[in-house]
1. Once you put a point 7 Å from the Cα of D65 and another 7 Å from the Cα of E19, both along the Cβ direction, what distance in nm separates them?
2. Using modelled amide H (1.01 Å from N, peptide plane; none on Pro or chain starts), what sits under 5 Å from the amide H of I48, excluding residues fewer than 5 places away?
3. Could you calculate the FRET efficiency of A57 with A35 from 1/(1 + (r/R0)^6), where r is the beta carbon distance between them and R0 is 30 Å, rounded to 0.05?
4. On average, how much accessible surface per residue is there in the chain, in Å², for a 1.4 Å probe, leaving out ligands, DNA and RNA?
5. Kirkwood Rh and Cα-based Rg: tell me the resulting Rg over Rh for the chain, rounded to two decimals.
6. If you roll a 1.4 Å probe over the range 13-61 with all protein chains in place, what percent of the accessible area is carbon or sulfur?
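The values are calculated or read from the model by the stated rules, or taken from the named source; none is laboratory data. Not measured: the values here are computed from a predicted model. Positions of Cβ are backbone-derived with ideal geometry, glycine not excepted, and every protein chain shown enters the neighbour counts. Remember, those area values only see protein heavy atoms, side chains included, never the ligands or the DNA or RNA. Shrake-Rupley method; radii C 1.70, N 1.55, O 1.52, S 1.80 Å.
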Amino acid sequence: MSNYGVIGLGRFGCSLASELQALGHDVLGVDTDRATVQEMSDVLGQAIQADATSETALREIGVVDLDGKVHGLENVYITDS
């Protein structure tokens, strides 16, 4: 089982995160919208409200330590360092 971070829980992110969770993976969902995070917290292992455009915020919640990361944010590029 792998640990995945899905950053941005729009249609694509919610669908992907739900599918990964259904396949038995641990999934951390991150979004700025409180209602979306609350809704997805019933589906995912963990859902956190945070500013996904902030490298500091992503580091603080442990996204950089996960096995895989996927983001569905427009005009945002995430790199491992």
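1. Computed distance between label sites D65 and E19 equals 2.8 nm.
2. So I48 has HN proximity to G29, V30, D31.
3. Values: r = 19 Å, r/R0 = 0.63.
Efficiency, from the Cβ-Cβ distance: 0.95.
4. The answer is 62 Å² per residue.
5. Numbers: Rg = 11.3 Å, Rh = 12.3 Å.
Ratio value, two decimals: 0.92.
6. On the way: 1200 of 2770 Å².
On the range 13-61, the fraction of accessible area on carbon and sulfur atoms equals 43 percent.
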